[in-house]
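Working notes, structure below.
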């Protein structure tokens, strides 16, 4: 990357360290932190949407829809989430390829044959000849969908509880004013539920941050992947030979997560304060008294 | 050579702890094999969960108390301990612990003429248990600390009016009330600790001689058969049973902790989602 780093074997000390930390592989490592942030940026709103749908379905007056919502919410309880992660990634992949095979392959044979899953080469997603980038992107997309489904169920649970926590009298008053069911939902229920949902959503956000290393399990080249790759001992055959430094790389990841969760904690506390203004809750009352 | 289901159970029911058939099935996987081997793996999930919770409970109490201490030399380390274990992913904690334990000298350490063997610490049964123990202690300490702070003021004043002070007040009033208030949340912590035990063989700690937990075997079958629709639901089934069992046991304890209260003021256990840590 830099002129001075052209021959790493001839330099020592701080400049060696500088060259080492700016090597091409390390730059990839730094970019992979963005992968984690990107995952969070996509997953958070996606699971919020999924959760909203789930909670609304669970509240539905149509029995099958409400069962569907409730089953979705209860599904993730009692079962370790990592099982869902491992399951969904393969199941989604196979489901997509099976669906594609029905269209592009002739015959459309049942793909689960004995010990393997076999679809015609044209039905592979992405195609075997695609660029590595697409394989990575597809893996990332599967991960995002899996995260959204699993976390969506948790969000749905929080929002379902928050919707039930909005005082009945508020909704009844709105009905008395002649609002339709949809109007009550949009104008009264949704704006008021956030303050009740926020503690739960904040907790979920922290959990979501701490779930991101699971990307590694899903085969995405994330920060855990690079920490293992870069930290492993390198022989003289490498440009920058060193011993087993994985401990230091993982310490770095640990600090990254601690700083990230701490900042989030402070941010959530501020948001809670803002949302509590003027609310008929203990938090809102405390703010009112402090101001008076 | 096909085995009856009973033969399969005899061969593989204790496979995860190294008893029975040495070779894992390699072809013609039956439903019975999958149920048996994955069930065999549950032994490890139970081992990690039960021991981590049992030891962690005591450490959690100590740390919850340390967090309320006025002396910063006691309070600060407790706060940092909780912050580090709750603020970082368990997944990373496993990796970090494994790398740190691997760095211990292979031949063992000589301290004051006593030779300490270190190789066993990198094994999952010891190393991963240590991480889970510290992790659950941190989460439970936060729960108990919160409970300690929300003990009604009146209860403490009443205790003092009866002449209870210091240690006596703590052991007879504060501690039981803390447990009672914190128990529903602690039940959830126990459930999610059991769930967290599935991470052990997916992070730093390797499974020796294919002796792993339930998810390890489920993953083995899913890899071999390319069919996730059978092994993963089987693990899910086992864990739902385990969750019900934990809820039942902790519910009985909760009942006992609340036995002196009128039925309408008892704290009920509600399952709260708090998946990965």
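Tabulated data for the structure shown
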| quantity | calculated |
| --- | --- |
| Residue-averaged beta-carbon neighbours from other chains (10 angstrom radius) around A:150-159 | 2 |
| Rounded to whole Å, sorted largest first: equivalent-ellipsoid semi-axes of the range B:88-199, Cα gyration tensor | 40, 20, 9 |
| GNM result for chain A, Cα springs below 10 Å: residue of A:180, A:47, A:276 fluctuating most strongly | A:180 |
| Between helix A:132-165 and chain A: long-axis angle, C-alpha atoms, 0 to 90°, nearest 10 | 20 |
| Relative contact order of the range A:12-291, defined on C-alpha pairs under 8 angstrom at six or more residues apart (%) | 21 |
| Expected 222 nm ellipticity per residue - DSSP helices of 4 or more, -39500 (n - 2.57), all of the protein assembly as shown, to 500 | -22000 deg cm²/dmol |
| GNM result for chain A, Cα springs below 10 Å: residue of A:197, A:137, A:176 fluctuating most strongly | A:176 |
| Taking the range A:27-133 and dividing mean pair separation by its residue count, relative contact order in percent (alpha carbons under 8 Å, at least six apart) | 14 |
| Where Rh is the Kirkwood radius over Cα pairs, Rg/Rh for the range B:1-143 | 1.13 |
| Compactness index (Cα Rg / 2.2 N^0.38 Å), the range A:127-242 | 1.74 |
| Shape call, the range B:175-271: gyration tensor on alpha carbons, a/c limit 1.5 | prolate |
| B:165, B:177 arranged by Cβ crowding within 10 Å, fewest neighbours leading | B:165, B:177 |
| Average beta carbon contacts from partner chains per residue of B:186-192, 10 Å cutoff | 1 |
| Using alpha-carbon coordinates, inclination of helix B:31-68 to the longest axis of chain B, degrees | 20 |
| Contact order normalised by residue count of chain B, Cα under 8 Å, 6+ apart, percent | 26 |
| Shielding by partners, peptide B:223-236 (average Cβ within 10 angstrom, other chains) | 5 |
| With eigenvalues of the C-alpha gyration tensor scaled by 5 and rooted, the protein assembly as shown, Å | 40, 33, 29 |
| Cα-based shape type of chain B, given that a ≥ b ≥ c are square roots of the gyration tensor eigenvalues and the cut on a/c is 1.5 | oblate |
| Gaussian network model of chain B, Cα within-10 Å springs - most flexible of B:25, B:72, B:105 | B:105 |
| Over 32 Å [Cα-Cα, chain A], rounded percent | 47 |
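Quick note: the coordinates plus some simple rules give every number you see, no bench work behind them. All of these numbers come straight from a predicted model, not from anything done at the bench. Methodologically, a virtual Cβ is constructed for each residue, glycine included, from the backbone with ideal geometry; neighbour enumeration extends over all protein chains shown.
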